Amino acid sequence: MELLFLAVLILVMALALASGFPVAFALPGAAITTIGLAAASGALFAGDASAYFAQGGPIDWLTAGVTNFRGVYWEVERDTLIAIPLFVFMGIMLQRSKIAEDLLVTMAQLFGPIPGGLGISVVFVGALLAATTGILGATVVAMGLISLPAMLRNNYSQSLATGTIAASGTLGQIIPPSIVLIILADQLASAVDQAGTARKNLYKDATGNISMPSEFGVVSTSAGDMFLGALVPGLILVGLYMAYILTLAIIRPKSAPSVPFEGRMDARFWLRVVIILVPPLALIFAVLGSIILGIATVNQAGAIGAAGAMIMAGYRLKEGERGAFIPAIIAIASLVAIFFITQTFDINVRRIETADDQLGVTLAAIAVASFLFALAWSGWRAFRIDETLKGVMIDTAKTTSLVFIILLGAAMLTAAFRAFGGEELVREFLTNLSGGFWAQFIIVMAVIFLLGFFLDFIEIAVVVVPIVAPILLMDPSANITAVWLGVMIGLNIQTSFLTPPFGFALFYLRGVAPAAVTTLNMYKGVVPFIALQIAALGIVGSFPPLVNYLPTRLSLLSETAPPPQNPRLQHCIEEYVLSQYETNGDALRQAITTAKTLDKSDLPKAAARDLDAAIKKAEESFERVSDIRSADQAIASAAPAYRPLHTIVRAIEADIARHKSEIQVLRTRLQRSRTASDEVKAAIEADISAEEATIAALQETIPEEWEGARAEFAKLQKTEQTASRQYRRAVDAAYEPITELIATLEATDELAALRGQIEALGPEIGSVENGALADRMQAVMRAVGAVEGARSIRSAISSARRAVRARSPDLAKAVTDLTKALDLHEAELAWRRAAAPKLLEPLKAYEAQIRTTIGLRKLRRLPRDQALYVAACNSQHRDISLSF
């Protein structure tokens with residue numbers, strides 16, 4: 001019965017959409033109708049409203065709906081959605097203020113004289129508008145009204161002209177900032193959680209271990225990562241479009257003739273080009289650059305874009321009038337002033353201590369006030385002139401409301417789809433496909449491509465992605481990142497705007513195209529661009545670093561970069577270090593040999609012993625590296641023979657797991673069917689027996705050699721894990737004592753300066769109130785504790801403080817402890833002063849030689865060269881299925 005209601009759900013949704021019912025209400029309407037029918041049928045025929053649900057019942061579905069509603073509107077973790085109205089506002093403001101129109105006209109004049117130049121200019125402007133507006137309808141309509149007549153007037157082929165405009169208008173869906181990418185990032189965030197849980201369960205079932213190593217976890221994404229990941233694929237698509245137009249213009253000049261500029265390209269022309277082109281480029285840099293450089297989050301970048309669009313609209317709407325650029329000039333001057341002020345002064349309102357601090361905060365406040373004045377002035381112009389601001393706000397509210405209503409409706413539909421077992425059916429279908437992950441992925445991409453013929457990108461993103469993304473992300477054989485999957489789906493969804501019969505870009509263009517342009521020519525014109533989009537999909541799919549590299553690079557080079565000991569980085573860090581041992585091993589050995597000859601006579605016994613142990617561990621690291629290589633080679637030799645057997649058995653075990661899940665469903669149904677007839681109960685019991693028999697038959701098909709092969713391969717993996725663990729312990733122990741000793745010797749003068757503070761505590765004992773004395777001792781303890789290697793001195797002062805603070809203060813003990821602290825201070829200072837001239841510089845030289853190899857894991861963050869290597873390495877997808 002669950003399958004029947006699942007079919008009803010899909011049928012009701014399809015009929016509602018086909019009849020022209022609004023999508024925002026068709027999705028939740030189909031869910032509510034089907035859930036109601038299933039609950040009523042269960043209560044009427046089985047005595048239980050939940051009888052015909054595969055998971056939970058109507059109450060569970062309602063709970064899931066409330067949870068989704070709260071998730072969209074109240075969960076702080078989903079604040080990425082706030083960026084949607086900001087970017088929509090930016091795009092509509094730029095379109096309504098005619099900045100997009102200026103770009104089209106100017107670029108057409110600039111590129112027109114080269115073969116296919118008019119078409120190339122349309123693509124170029126489409127890319128610029130994509131990075132500033134991202135509003136599909138506005139872009140296509142604007143370019144259709146301005147460029148299409150010019151292209152037809154200059155004898156461009158109808159199909160090429162319309163195809164170029166329609167395809168260029170869709171670039172805003174993949175070139176950031178894009179609403180599609182924001183929605184995909186939001187949907188993929190929950191998909192990653194589901195995939196991560198499923199992968200952990202898979203690891204537990206396969207290995208018996210309760211906890212899965214975090215390096216095997218599913219890599220999540222964010223809107224910022226999606227923007228970075230989509231940047232290169234978007235540029236590849238732009239390059240393919242331009243290359244196609246240029247090639248066609250060379251092969252068939254009559255299809256795309258050059259268009260000479262009739263005016264003069266004098267200084268006035270180039271000044272206009274600069275004025276029209278530079279502000280949008282500056283806005284693109286401000287929005288995307290702030291994200292890439294880690295200055296702003298996606299939401300903050302959206303606010304930057306909205307403010308920038310308002311200021312640009314302020315001068316464009318007053319074009320040709322006196323003083324049109326004054327608000328923009330004030331805004332730019334304010335931003336420049338803020339930059340220099342923040343570089344010159346320490347701007348912190350809570351820490352105004354000096355006159356310079358007060359001056360810096362005052363100047364910063366004036367600069368910010370000036371910028372806000374310029375923004376308000378521009379907004380007032382937009383409000384007064386043609387009610388531009390009012391229209392932009394209304395359109396922004398409409399578009400944002402549409403997106404959020406569809407998000408909620410799609411969540412209700414997805415919950416209903418799961419309630420009737422649809423997700424399990426999809427998972428079973430995909431996992432049963434021969435060919436593994438890539439077969440599943442190609443099928444999913446094909447389905448999304450076909451859905452694009454009929455559905456908008458939002459419906460695809462919020463209905464299909466939550467169902468298929470967890471299945472694809474969970475697979476350890478591909479181990480894909482969420483950002484790569486999101487960009488691939490985004491590229492695929494983009495074709496939905498061009499594919500007949502419901503390609504929205506075609507509808508928009510048809511509405512503004514002259515009657516002489518036939519619909520058939522429009523359809524013919526988009527076919528090559530659809531093929532180019534599919535080609536871009538293949539290029540990006542074949543080279544994951546095109547997507548993964550930029551987000552990974554930014555993460556590893558940012559101030560908040562994960563430390564080198566992060567488990568996710570270990571594989572690539574060890575690859576780097578092992579390569580360094582091969583190429584620079586002799587230099588490392590020489591450095592270690594030199595370190596062994598250092599004069600340690602002035603060091604305390606413990607410090608000398610630690611230094612000797614560290615150098616010995618550095619020598620040992622060569623042996624540990626050799627162990628890792630041997631273990632890796634053993635696994636590489638055994639994997640080709642083991643992998644086919646592993647694939648067969650894991651597929652059988654997956655089948656067994658599905659049948660066990662079905663048995664659980666049947667047993668739940670049997671428990672709910674207390675009022676059902678004996679025949680119904682007997683039928684369910686017979687189904688359970690059939691499932692158990694199927695499980696037994698499947699278990700018989702597992703090859704006899706499996707257990708032995710699995711045990712042998714697991715032994716090789718354990719050897720490799722042990723070798724890696726021993727290597728990590730060796731290099732950590734080889735580096736940390738070196739840095740500690742260097743820091744200790746460098747702090748000699750700092751320690752000497754504290755002598756007076758410690759001595760001053762003695763006379764205060766008995767003459768100062770004990771509470772105040774304890775506070776004074778606490779301050780000295782902090783100062784001493786901040787000095788490397790002064791822990792014993794701090795402990796002696798701490799003991800004295802406890803004696804003072806006791807219920808019965810022991811002032812004699814406090815004096816003794818302070819005397820001990822002074823003695824320790826004198827002894828500590830003596831050996832440091834004796835050892836520093838002999839050891840400090842040689843130790844620094846040794847540390848510099850081993851820092852990026854033996855000491856790499858213990859650094860606070862990866863150095864630039866090593867970070868770039870690890871970013872390139874982590875950008876590749878690594879098959880980890882044999883660990884499952």
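Only one of LEU598, LEU578, LEU554 is assigned to a helix (DSSP H, G or I) and either open to solvent by 30 Å² or more (accessible area, probe 1.4 Å) or farther than 30 Å from VAL218 by Cβ (or both); which? Walk me through it before giving the result.
On the way: LEU598 fails: assigned to a helix (DSSP H, G or I); LEU578 fails: either open to solvent by 30 Å² or more (accessible area, probe 1.4 Å) or farther than 30 Å from VAL218 by Cβ (or both).
Unique residue meeting the criteria: LEU554.
From TYR244, TYR203, grab the single residue that is modelled with pLDDT of 90 or more and either closer than 23 Å to PRO567 by Cα or of a type in the set (Ser, Thr, Tyr) (or both). Explain how you work it out, then say what you get.
Working: TYR203 fails: modelled with pLDDT of 90 or more.
Just a single option satisfies the conditions, and that option is TYR244.
Just wondering, is there one or more residues in the stretch 665-682 that are under 30 Å from ILE573 (Cα atoms) and either basic (Lys, Arg) or in contact (Cβ under 8 Å) with a residue 40 or more places away in the chain (or both)? No - not one qualifying residue is present in the stretch 665-682.
Take ALA730 and tell me if it is in a helix (DSSP H, G or I) and surrounded by fewer than 20 Cβ atoms within 10 Å (Cβ to Cβ). Steps first, please.
Details: in a helix (DSSP H, G or I): yes; surrounded by fewer than 20 Cβ atoms within 10 Å (Cβ to Cβ): no.
So ALA730 does not fit the description; no.
Every test in (1) farther than 17 Å from TYR156 by Cα; (2) touching a Leu at 6+ places or on another chain (Cβ under 7 Å) is passed by PHE543 save one, and that test is (2). Only residues that are touching a residue at least 24 places away in the same chain (Cβ under 8 Å) and either open to solvent by less than 70 Å² (accessible area, probe 1.4 Å) or not in a helix (DSSP H, G or I) (or both) were counted across the stretch 820-833, and they come to 8. If you check THR719 against the conditions, is it open to solvent by 40 Å² or more (accessible area, probe 1.4 Å) and within 45 Å of the chain's Cα centre (by Cα)? So THR719 passes the test.
Taking SER767, is it modelled with pLDDT under 85 and either open to solvent by 60 Å² or more (accessible area, probe 1.4 Å) or aliphatic (A, V, I, L, M) (or both)?
So SER767 passes the test.
Filter the stretch 346-371 down to residues that are among the polar types (S, T, N, Q) and either under 32 Å from the mean Cα position of the chain (by Cα) or outside any helix (DSSP H, G or I) (or both) and give me whichever is farthest from ALA24 (Cα to Cα). Give the derivation first.
Just the residues of the stretch 346-371 that are among the polar types (S, T, N, Q), to begin with: 348, 354, 358, 362, 370.
Subset that is either under 32 Å from the mean Cα position of the chain (by Cα) or outside any helix (DSSP H, G or I) (or both): 348, 354.
Values: ASN348: 47, THR354: 58 Å.
Residue satisfying both the conditions and the ranking: THR354.
Among the residues of the stretch 699-716, those that are over 26 Å from ASP632 (Cα atoms) and exposed (fewer than 15 other Cβ atoms within 10 Å of the Cβ) comprise GLN699, GLU700, THR701, PRO703, GLU704.
Among the residues making up the stretch 271-302, those that are part of a helix (DSSP H, G or I) and either among the polar types (S, T, N, Q) or over 21 Å from ALA127 (Cα atoms) (or both) are LEU271, SER290, ASN299, GLN300. Scanning the stretch 478-492 for residues that are in a helix (DSSP H, G or I), open to solvent by less than 20 Å² (accessible area, probe 1.4 Å) and either of a type in the set (Lys, Arg) or at pLDDT below 85 (or both) turns up nothing. Take the conditions touching a residue at least 24 places away in the same chain (Cβ under 8 Å), under 40 Å from the mean Cα position of the chain (by Cα) and open to solvent by less than 60 Å² (accessible area, probe 1.4 Å) and apply them to LEU843. Does it pass? The answer is no for LEU843. Go through (1) in contact (Cβ under 8 Å) with a residue 60 or more places away in the chain; (2) in a loop (DSSP other than H, G, I, E, B) one by one and return the number of the condition ALA374 breaks. The one condition ALA374 does not meet is (2).
Only one of the numbered conditions (1) more than 27 Å from VAL463 (Cα to Cα); (2) open to solvent by 40 Å² or more (accessible area, probe 1.4 Å); (3) touching a Ser or Thr at 6+ places or on another chain (Cβ under 7 Å) is not met by LYS204, and that is (3).
Out of all the residues in the stretch 222-237, is one or more farther than 30 Å from SER190 by Cα, open to solvent by 40 Å² or more (accessible area, probe 1.4 Å), out of contact with any Lys or Arg (no Cβ under 8 Å at 6 or more places or on another chain) and assigned to a helix (DSSP H, G or I)? Within the stretch 222-237, none of the residues are farther than 30 Å from SER190 by Cα, open to solvent by 40 Å² or more (accessible area, probe 1.4 Å), out of contact with any Lys or Arg (no Cβ under 8 Å at 6 or more places or on another chain) and assigned to a helix (DSSP H, G or I). For the stretch 581-604, the condition of being under 19 Å from LEU859 (Cα atoms), touching a helix residue (DSSP H, G or I) at 6+ places or on another chain (Cβ under 8 Å) and not aliphatic (A, V, I, L, M) holds for at least one residue. Please specify each residue of the stretch 734-745 satisfying the condition of being within 21 Å of GLN570 (Cα to Cα) and open to solvent by less than 40 Å² (accessible area, probe 1.4 Å). Answer for the stretch 734-745, where residues must be within 21 Å of GLN570 (Cα to Cα) and open to solvent by less than 40 Å² (accessible area, probe 1.4 Å): ALA734, TYR735. Number of residues in the stretch 449-469 that are at pLDDT 85 or above and either out of contact with any helix residue (DSSP H, G or I) (no Cβ under 7 Å at 6 or more places or on another chain) or more than 20 Å from LEU408 (Cβ to Cβ) (or both): the value is 1.
The values are calculated or read from the model by the stated rules, or taken from the named source; none is laboratory data. As the structure is a prediction and not an experimental result, all values here were calculated from the model. Cβ sites come from the backbone with ideal geometry, for glycine too, and all protein chains shown count toward neighbours. What goes into the accessible areas is simple: the full protein's heavy atoms, side chains included, and nothing from ligands, DNA or RNA. Shrake-Rupley method; radii C 1.70, N 1.55, O 1.52, S 1.80 Å.
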